[in-house]
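One structure is given here, and the rest of the page talks about it.
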Amino acid sequence: RILIIGACGQIGSELTYSLRNIFGNKNVIASDINHSNLSLVNSGLFEIVDAQDYSSIKTCVEKHNIDTIYLMAAMLSATGEKFPEKAWDLNMNSLFHVLNLAKTKCLKKVFWPSSIAVFGTTTPKEYTPQYTTMEPSTVYGITKQVGERWCEYYHNKYGVDVRSLRYPGIISWKTLPGGGTTDYAVEIYHKAITDKFYNCFLKEDTELPMMFMDDAVKATIDIMNAETSDVKIRSSYNLAAISFTPKDIAESIKKHIPEFKVGYHPDYRQDIANSWPKSINDSYARQDWKWKHAWSLENITIEMLFQLNKKYNSILKEPN
Ligand code: VAH
């Protein structure tokens, strides 16, 4: 059985739905520290698990006979800069607890997300290679860089089958953004529909690596289903789809909402974005376990506007 820790979050919630479609509702247990995503909580088996409490995780693993954990709980880059110690504690304690549980051989597999945030200002920005200088300047990026080293250590020393992906910015419509720097690319679609205006917190030419949620979920399930021998990198794989700027995404929206306008007022998140790559070389993922992305910016925009239009219209039309 599968346990998702941090299932109420942006990726955790969509992973839960997709894994249930594949393995069946009763084989996928969602968990989080609270009931913050009620539609997820009410969608199937759900447990309160504190990712920073080893016994809380262990109890849930034993109760539901779990053999695979997707550890999706973390504090992201922007929030992490506001609460550095909390970000370190949550991101690292949760990883150690799951790796130590796996070390006791009660788990078959673990998935742990890394991020392009492991790269810093001294990393080559174009087509960033799998192996290169990594001097992250955010607490979030530091936790992901150190976490990768621990994943590789537990695999090599204790045989833990932990697999990891360096996610780019992820765009989705089912949940609201959660404290990420790339979340402008989610907010902009909501505002295009509700206000026809978006005040962007990054400069219009800030190019970042991005991916639609369906691609991110596919990559996650693909690497977890790959033959052990095909998962040759046990720190974390570079993963890429597309790269674009706030201007690019605004132009793609304007093709559908011509009156849409964007203002650009960079805040502290501009420094975070400036430290990250513009594009990622994910040739190892494409070669080792046949990764390839499917969603273009054009198709993401069509899908996001379609789904959010439906969502907001249903809210507006709901009987009061
Ligand atoms: C963030 N969405 O913005 C996350 C992600 C690459 C960015 O790690 O913090």
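The values are calculated or read from the model by the stated rules, or taken from the named source; none is laboratory data. These numbers come from a predicted model, not from an experiment. Note: ideal-geometry Cβ built from the backbone for every residue, glycine included; neighbour counts use all protein chains shown.
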Original post:
So which residues in the range 96-124 are assigned to a helix (DSSP H, G or I), more than 15 Å from the ligand (Cβ to nearest atom), within 21 Å of the chain's Cα centre (by Cα) and buried (at least 19 other Cβ atoms within 10 Å of the Cβ)?
Top reply: His97, Val98, Leu99
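Those residues that are crowded, with 18+ Cβ neighbours inside 10 Å and not aliphatic (A, V, I, L, M), I need them from the range 265-277; list them, please.
Arg269, Ser275, Trp276, Pro277
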**OP:** Could you identify the single residue in Ser36, Ser31, Ser56 that is of a type in the set (Ser, Thr, Tyr), buried (at least 19 other Cβ atoms within 10 Å of the Cβ) and at negative phi?
**Re:** Ser31
Subject >> Scan of the range 18-43 for residues that are over 22 Å from Ser94 (Cβ atoms) and either among the hydroxyl-bearing types (Ser, Thr, Tyr) or over 19 Å from the mean Cα position of the chain (by Cα) (or both), ordered by number >> reply: Asn21, Ile22, Phe23, Gly24, Asn25, Lys26, Asn27, Leu38, Ser39, Asn42, Ser43
**OP:** Exactly one condition in (1) more than 16 Å from the ligand (Cβ to nearest atom); (2) part of a helix (DSSP H, G or I); (3) surrounded by fewer than 18 Cβ atoms within 10 Å (Cβ to Cβ); (4) at pLDDT 95 or above is not met by Trp88; state its number.
**Re:** (1)
**OP:** Considering only the range 263-320, state which residues are of a type in the set (Asp, Glu) and not in a helix (DSSP H, G or I).
**Re:** Asp267, Asp282, Glu318
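Looking only at residues in the range 126-184 that are of a type in the set (A, V, I, L, M, F, W, C) and touching a Cys at 6+ places or on another chain (Cβ under 9 Å), which one is nearest to the ligand (Cβ to nearest atom)?
Filtering first and then ranking leaves Val162.
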Subject >> Restricting the range 189-199 to residues that are surrounded by fewer than 22 Cβ atoms within 10 Å (Cβ to Cβ) and either small (Gly, Ala, Ser) or not in a loop (DSSP other than H, G, I, E, B) (or both), the residue that is nearest to the chain's Cα centre (by Cα) >> reply: His190
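Listed here are the residues, each with its yes/no results for (1) crowded, with 23+ Cβ neighbours inside 10 Å; (2) of a type in the set (Val, Ile, Thr); (3) not in a loop (DSSP other than H, G, I, E, B).
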residue	(1), (2), (3)
Met210	yes, no, yes
Asp214	no, no, yes
Lys218	no, no, yes
Ile221	no, yes, yes
Arg234	no, no, no
Lys247	no, no, yes
Ser252	no, no, yes
Pro258	no, no, no
Original post:
In the range 1-56, what count of residues is obtained for those that are touching a His at 6+ places or on another chain (Cβ under 9 Å) and within 16 Å of the ligand (Cβ to nearest atom)?
Top reply: 1
Original post:
Of the conditions (1) surrounded by fewer than 17 Cβ atoms within 10 Å (Cβ to Cβ); (2) free of Cβ contacts under 8 Å to residues at least 40 places away in the same chain, Asn156 fails just one. Which one is it?
Top reply: (2)
